[in-house]
Every structure is written in C-alpha cells, then in structure tokens.
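Working notes, structure below.
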Amino acid sequence: AITDPDGIVNKHFVDSLCLTRNVDLLDGKKLCDVGTGAGFPGAVMLIYNPKLKVTLFDSINKKLDFIRFLVKELGLEAEIVTTRAEDAGKNSLYREKFDIVTARAVASLNVLSEYCVPLVKTGGVFAPLKAVLTDEEEHRGLCAAGTLGVKMKRKEIYTIPDGSKREIIIFEKNSSTLPKYPRNAAQIS
C-alpha cells in the first residue's frame with residue numbers, strides 16, 4: 001500500500017535494516033525470511049550482504065515471482081521457496097537449519113514464534129521485526145517462545161524516519177523444538 005519513494009525507503013528499507021544493528025550478519029550465515037512478501041526484510045539483507053545464504057519463504061507464488069526477478073536483476077543468489085511456514089517447519093530440508101530466522105508484518109508474536117522457531121538451529125537467533133507490542137502480545141509471545149526452545153535475549157524499540165515506532169526482539173535458541181511443533185495453521189490460531 002506504500003507507493004511514494006520516501007515511504008518505501010523509510011517504512012520498508014530503513015525498518016528492515018534495523019536487523020543489521022541487532023543480529024550478526026557475517027558472510028555465510030544462513031538467514032530465513034518467513035512470509036517475505038515483497039522481500040522485506042530478507043531481500044534487503046541479501047542486498048546488504050550478498051554473501052549471506054538467504055532463503056525466502058512465502059505461500060503466494062506471485063509475490064515470489066517478483067523476488068525471483070529482483071534477485072536475478074541484481075545478480076544475487078537466494079533460495080526462494082513457495083511454502084507455508086508451518087510446512088517448512090516440518091520439512092527436514094529446513095527444520096532447525098538456519099542461523100537467523102526473521103519475519104516482518106506476518107502475525108502476532110505467539111503465532112509467529114510457532115511458525116519461525118522450528119526453523120532456527122540450536123544456538124541460532126529468531127529476530128522478528130514488529131510494531132511496538134502490547135503487554136498482552138508480548139506476554140503471549142514470550143510464553144510461546146519459551147515452549148518452543150528460545151529465550152528472549154533483548155529487545156529494542158526504535159523510531160523510523162517517519163516517526164513510527166517499531167520493535168525488534170532477539171531470541172536465542174537454547175534447545176531443540178519439540179517435534180509436534182509447528183502445528184497446523186488451525187491449531188496455531
């Protein structure tokens with residue numbers, strides 16, 4: 001819905017780049033963006049460091065067609081997969097394989113945790129980009145995250161250039177996620 005150039009830069013790119021201040025994005029790290037949509041933040045991270053091993057998931061192939069075009073035009077490489085997050089989390093190709101898993105504007109924190117944490121390897125990081133959380137969403141999200149094997153390390157509230165407040169929460173994975181997670185979408189809801 002954001003179409004003006006300043007809005008695109010400030011609300012999408014600047015917000016996505018907050019990840020670079022909070023997560024170690026060294027060459028060769030495996031990053032997964034769940035529900036990438038138009039590539040925020042995953043494609044932005046790939047542009048920021050083309051030596052990252054980036055995997056972009058979305059359930060809508062039409063959105064991923066744009067990402068495939070973008071990656072090709074920029075001469076970059078990424079794994080672009082049409083899949084639902086809960087299916088990816090059960091797939092041995094992706095389950096507990098990523099150093100960093102992120103998402104932006106996908107779901108409430110408790111639901112997002114169940115989608116994303118099964119993809120994070122032990123010792124890895126789950127780093128969702130969110131609007132500032134309500135106390136209730138944070139509480140529910142932290143409870144879900146703990147059940148899934150991650151612990152909150154820190155959070156940062158920041159302001160993007162248009163004055164909007166955003167939040168990033170950094171979780172570290174300290175144990176494997178139980179095999180029953182992620183559940184199917186109806187159970188997660």
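The values are calculated or read from the model by the stated rules, or taken from the named source; none is laboratory data. Everything numeric here is computed off the predicted structure, so don't read it as measured data. Cβ coordinates were reconstructed from backbone atoms using ideal geometry, including for glycine residues, and neighbour counts include every protein chain displayed. These accessible areas exclude ligands, DNA and RNA; they are computed on the full protein's heavy atoms, side chains included. Shrake-Rupley method; radii C 1.70, N 1.55, O 1.52, S 1.80 Å.
Only loop residues by DSSP count here, and only those with at most 14 other Cβ atoms within 10 Å; note down the trypsin sites (Lys or Arg not before Pro) in region 95-189 that meet that. Please list the in-between numbers first.
Details: sites: 95, 97, 104, 121, 130, 140, 151, 153, 154, 155, 165, 166, 173, 180, 183; in loops: 95, 97, 180, 183.
Here the trypsin sites (Lys or Arg not before Pro) that fit, given the DSSP loop and packing criteria, are 180, 183.
Between residue 134 and residue 61, residue separation times 0.36 nm minus the direct Cα-Cα distance comes to 23.1 nm.
Going by a ≥ b ≥ c, the root eigenvalues of the Cα gyration tensor, does region 48-177 fall in the rounded group (a/c under 1.5), the prolate group (a/b larger than b/c) or the oblate group? Before the final figure, lay out the partial values.
Working: a/c = 1.77, a/b = 1.25, b/c = 1.42.
Because a/c hits 1.5 or more and a/b fails to exceed b/c, region 48-177 counts as oblate.
At q = 0.19, 0.22 Å⁻¹, what log₁₀ I(q)/I(0) does region 46-93 have when each alpha carbon counts as one equal point scatterer in the Debye sum? Each listed q maps to, in turn, -0.64, -0.80. Residues considered: 118, 179, 128. Largest GNM mean-square fluctuation over the chain, using C-alpha springs under 10 Å, is found at 179.
What whole-number value in Å² describes the accessible area per residue of region 75-189 for a 1.4 Å probe?
On the way: 5440 Å² over 115 residues.
Heavy-atom SASA per residue in region 75-189 reads 47 Å².
Shown here for region 9-89: trypsin sites (Lys or Arg not before Pro) in loop regions (DSSP other than H, G, I, E, B) with at most 15 other Cβ atoms within 10 Å, namely 51. Protein-only accessible surface at a 1.4 angstrom probe places the residues 57, 66 in the order 66, 57, largest first.
Only helical runs count toward this figure. For the chain, summing -39,500 (n - 2.57) over DSSP H runs of n ≥ 4 and dividing by all residues gives -8500 deg cm²/dmol at 222 nm. Assuming R0 = 22 Å, can you tell me the calculated FRET efficiency for the pair residue 151 and residue 25, based on Cβ-Cβ distance, to the nearest 0.05? That gives a FRET efficiency of 0.55.
Could you tell me how far the Cα centroid of region 9-34 sits from the Cα centroid of region 53-67, in Å? Centre-to-centre (Cα) distance: 16 Å.
For region 89-189, calculate the relative contact order in percent as a whole number, restricting contacts to Cα pairs under 8 Å that are 6 or more residues apart.
Numbers: 199 pairs, mean separation 31.2, N = 101.
Relative contact order, region 89-189: 31 percent.
Within the listed set 112, 52, 70, the Gaussian network model of the chain (springs between alpha-carbon atoms below 10 Å) gives the highest mean-square fluctuation for 70.
Each residue was assigned an accessible area with a 1.4 Å probe, and for residue 48 the value is about 120 Å².
Using a probe of 1.4 Å on the protein chains alone, the accessible area found for residue 74 is around 90 Å².
Each Lys and Arg contributes +1 and each Asp and Glu -1, all at the Cβ; summed about the Cα centre of the chain, the dipole is approximately 540 debye. For region 104-154, what are the per-bin percents of Cα-Cα distances with bins 10 Å wide, up to the bin holding the maximum? Taking all Cα pairs of region 104-154, the binned fractions are 26, 63, 11 percent. In this simple spin-label approximation, residue 17 and residue 82 carry label points 7 Å from Cα along the Cα→Cβ vector, and these lie 3.3 nm apart.
Take every Cα pair under 8 Å whose residues are at least 6 apart in sequence, average their separation, divide by the length of the chain, and the relative contact order is 20 percent. Where in region 1-28 does the amide nitrogen come within less than 18 Å of the point 7 Å from the Cα of residue 162, taken along Cα to Cβ? Flagged as within label range: 1-19.
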